[in-house]
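J.: Supplied in C-alpha cells, the structure appears directly below.
The values are calculated or read from the model by the stated rules, or taken from the named source; none is laboratory data. Keep in mind the model is a prediction, meaning the values are calculated, not measured. Every residue, glycine among them, receives a Cβ derived from its backbone with ideal geometry; neighbour counts consider all protein chains shown.
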Amino acid sequence: MASQAKYYGISGQLVGYGYMAHKIYGERYHGVMLNQIQHTGTYKFKRISLPPAPNLYRKFPQTVRDAEETIERLEKSGRSPVDYPMAMNELSCYHRYGACSFLDTCKWGMQTQV
C-alpha cells in the first residue's frame, strides 16, 4: 500500500476535518492522522500523518462560503440541476476507483424513458 499522504493532505474533506479539529482543540491539535486499510489481496493497515497545509486551512472558510453562494445562485437561477456547470475534467470524471457513475449521463445527456 503506497503512501498517499500528499494526495489526502489536500483533500477538501480532510482539510475540513483538520480545520474543525483545530478550532475545537486549539493548541492541543497536532494534525490529522489517517488510518489506511487495504481489504483486497493481502490485508494491510497503515497510519499516516498528513502534511501540514496552513494556507488551505486559512482559506477553508472562504472556500465553503464560495461553494454555498454558488449553490444558492444556481438554485435561484431556475436552471435544472442537469444544466448546472460541469467539471469536464479528467481528474473529476475518473478517479482511483474508476469512472464517475454519471460519466455517460454527462457525455450523452439524460436518457428519457418511454
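J.: Pick from the range 65-114 the residues that are of a type in the set (Phe, Trp, Tyr) and assigned to a loop (DSSP other than H, G, I, E, B): which of them is modelled with the lowest pLDDT?
T.: Taking the candidates together, the pick is 97.
J.: Take the range 51-68 and flag every residue that is touching a residue at least 40 places away in the same chain (Cβ under 8 Å) and either farther than 18 Å from residue 34 by Cα or exposed (fewer than 12 other Cβ atoms within 10 Å of the Cβ) (or both).
T.: Of everything in the range 51-68, those that are touching a residue at least 40 places away in the same chain (Cβ under 8 Å) and either farther than 18 Å from residue 34 by Cα or exposed (fewer than 12 other Cβ atoms within 10 Å of the Cβ) (or both) turn out to be 60, 61, 63, 64.
J.: Could you please find all residues in the range 34-48 being under 18 Å from residue 7 (Cβ atoms) and β-branched (Val, Ile, Thr)?
T.: Scanning the range 34-48 gives 37, 48.
J.: Return yes when residue 24 is β-branched (Val, Ile, Thr) and either surrounded by 14 or more Cβ atoms within 10 Å (Cβ to Cβ) or not in a helix (DSSP H, G or I) (or both) and no when it is not.
T.: When the stated conditions are applied, residue 24 does not pass them.
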